[in-house]
1. Once you have the Cα-Cα distance between residue 71 and residue 46, take 0.36 nm times their residue separation minus that, and quote the gain in nm to one decimal.
2. How many percent of all Cα-Cα pairs in the chain sit more than 31 Å apart?
3. Take the Cβ-Cβ distance between residue 161 and residue 129 as r, set R0 to 30 Å, and report the resulting FRET efficiency rounded to the nearest 0.05.
4. Assuming R0 = 22 Å, what is the FRET efficiency of residue 81 and residue 172, from their Cβ-Cβ distance, to the nearest 0.05?
5. Indicate, rounded to the nearest 5 percent, the antiparallel portion of the DSSP beta bridges found entirely in region 25-171.
6. Show me the ranking of peptides 87-94, 124-131, 24-31 by mean Cβ neighbours inside 10 Å, starting with the highest.
7. Give me the dipole magnitude in Debye, nearest 20, for region 64-174 about the Cα centre, with unit charges on the beta carbon: positive for Lys and Arg, negative for Asp and Glu.
8. From the helices alone, meaning DSSP H stretches of at least four residues, give me the mean residue ellipticity at 222 nm for the chain, per-run term -39500 (n - 2.57), in deg cm²/dmol to the nearest 500.
Amino acid sequence: DDYQCCPPREAAQLWNDYLRMMVVLEADMTDRRTVYTNSLKREHDKAARRAGLIKNKKEMEKCNEEIKNEKYTKLAYTDEDYTVMLPASASDLLEEGRKLNHCVGSYISRVAHGQTKILFIRETNKPDIPLCTMEVRDGEIIQVKGFSNHAPSNKVRLFVNRYAKQFDLAANYY
């Protein structure tokens, strides 16, 4: 009702969304207090937050599985100057984005669904220090980004071009 910040016209849609989320959350749909809550807006918003957390957790787990796929793992590479590393988990994408101040953490869902691969470029003698992040999709290097989305140095570009040839990838990231 209007006292719950929910105009009557929106109540049916809100209730429908709420019920759908409660199914996702595996709530007891035989419990009348669950189905007919006395504060629809509040319970809807709580369910949305819980459903979002579950979805994110499932995406992270799926991403972790995808990273272990042979099509992904075969892309690791090292030469004397640089190393292309695989993320060990979805959390690594979040951490890479935090350290390099860019949005690679938002790619978890795309990695989870096999739409793209995210790889980390490091100096070989400094494997724990992020340098650049590389996206590979459909046999092509789509982008290579350093701190705050800056372009890679010329030396890193030359390495990426050698890497592309080694793995028979198109290098169209400029």
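A short reminder: the numbers here are calculations on the coordinates, not readings from a lab. Since the structure is predicted, the reported quantities are computational estimates derived from the model, not experimental observations. Counting neighbours? That spans all protein chains shown, and the Cβs are built from the backbone with ideal geometry, glycine included.
1. Between residue 71 and residue 46, full extension yields an extra 5.1 nm.
2. On the way: 5514 of 15051 pairs.
Result: 37 percent of Cα pairs exceed 31 Å.
3. Working: r = 22 Å, r/R0 = 0.74.
Approximately 0.85, to the nearest 0.05.
4. Working: r = 23 Å, r/R0 = 1.03.
About 0.45, to the nearest 0.05.
5. Values: 17 of 19 bridges.
The antiparallel fraction comes to roughly 90 percent.
6. Details: 87-94: 18.4, 124-131: 12.5, 24-31: 10.9.
Highest mean packing first, the order is 87-94, 124-131, 24-31.
7. Values: 15 positive and 15 negative charges, 44 e Å.
That gives a dipole near 220 debye.
8. Numbers: 7 runs with 82 residues, N = 174.
Helices in the chain give a 222 nm mean residue ellipticity of -14500 deg cm²/dmol.
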